[in-house]
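To start, the structure under review is shown below, and the notes come after it.
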């Protein structure tokens, strides 16, 4: 899944000459926490509710402008950036959202909530499913063999999430269409695979 599929294509924007107090009102009005800062159609920066809270002195609200406090070179993504990469950037930089840029043009906004919703959808959490958590060798052929065993035992894999490493092994989380896990577990145990958890 790509950022362009889930981003807000019509983001609310603000100009750099607006007062901080006006920016706060716009955020409250639209129930948002981020605003791209545009002038003559060109993005100049990015402002967040957190930044505004840091300068939230009542006596200064009508003096300080958005341009005074905006981030002039925010972290950005492109429409074809994967949601995984966008999520990594939000965690790594501890940010709640990013402008989506197509070259020099602002084409949307992506927020942490958008990404969370996408992952919920991708993981199939909104529909009935079963899950198997395994600790496997990191060799690709091992993952392929386990997937084949699950399929042969009647399991239909929705997706596979990759977890942390543990020595030469890695945690894998198999989400399956709702099924009886016992034949699958028996097949995996017969091949000495380490099952950490099973959620029917």
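Any residue at all in segment 167-178 that is more than 18 Å from residue 130 (Cβ to Cβ) and touching a helix residue (DSSP H, G or I) at 6+ places or on another chain (Cβ under 7 Å)? Among the residues of segment 167-178, not one is more than 18 Å from residue 130 (Cβ to Cβ) and touching a helix residue (DSSP H, G or I) at 6+ places or on another chain (Cβ under 7 Å), which makes the answer no. Counting the residues of segment 99-128 that are farther than 15 Å from residue 12 by Cβ, at pLDDT 80 or above and in contact with a helix residue (DSSP H, G or I) (Cβ under 8 Å, 6 or more places away or on another chain) gives 5. Residue 88 meets the conditions (1) touching a strand residue (DSSP E or B) at 6+ places or on another chain (Cβ under 8 Å); (2) within 30 Å of residue 159 (Cα to Cα); (3) part of a helix (DSSP H, G or I) in every case but one. The failed one is (1). Against the definition (buried (at least 16 other Cβ atoms within 10 Å of the Cβ) and either modelled with pLDDT under 90 or not assigned by TED's automatic domain parsing to the domain that holds residue 71 (or both)), how does residue 20 come out, yes or no? Criteria met by residue 20. Among the residues of segment 72-85, which ones are part of a strand (DSSP E or B) and modelled with pLDDT under 95? Matches in segment 72-85: 82 only.
So that you can scan it fast, the table gives a plain yes or no per residue for (1) free of Cβ contacts under 8 Å to residues at least 12 places away in the same chain; (2) under 19 Å from the mean Cα position of the chain (by Cα); (3) surrounded by 11 or more Cβ atoms within 10 Å (Cβ to Cβ):
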{"position": "4", "(1), (2), (3)": "no, yes, yes"}
{"position": "13", "(1), (2), (3)": "no, no, yes"}
{"position": "16", "(1), (2), (3)": "no, no, yes"}
{"position": "39", "(1), (2), (3)": "no, no, yes"}
{"position": "48", "(1), (2), (3)": "no, yes, yes"}
{"position": "53", "(1), (2), (3)": "yes, no, no"}
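Name the residue that is surrounded by the fewest Cβ atoms within 10 Å (Cβ to Cβ), counting only residues in segment 55-71 that are more than 22 Å from the chain's Cα centre (by Cα) and modelled with pLDDT of 80 or more. Taking the candidates together, the pick is 68. In summary, strands (runs of 3 or more DSSP E) completely within segment 95-200 and bearing 1 or more residues that are exposed (fewer than 13 other Cβ atoms within 10 Å of the Cβ) occur at 97-102, 105-111, 157-166, 194-199. Here 184, 195, 160, 150 are screened, and the one residue that is outside the structural domain of residue 38 (by TED's automatic domain parsing), closer than 30 Å to residue 8 by Cα and in contact with a helix residue (DSSP H, G or I) (Cβ under 8 Å, 6 or more places away or on another chain) is 160.
The values are calculated or read from the model by the stated rules, or taken from the named source; none is laboratory data. A quick note: this is a predicted structure, and the numbers were derived from the prediction, not measured. Backbone-built Cβ (ideal geometry, glycine too); neighbour counts: all protein chains shown.
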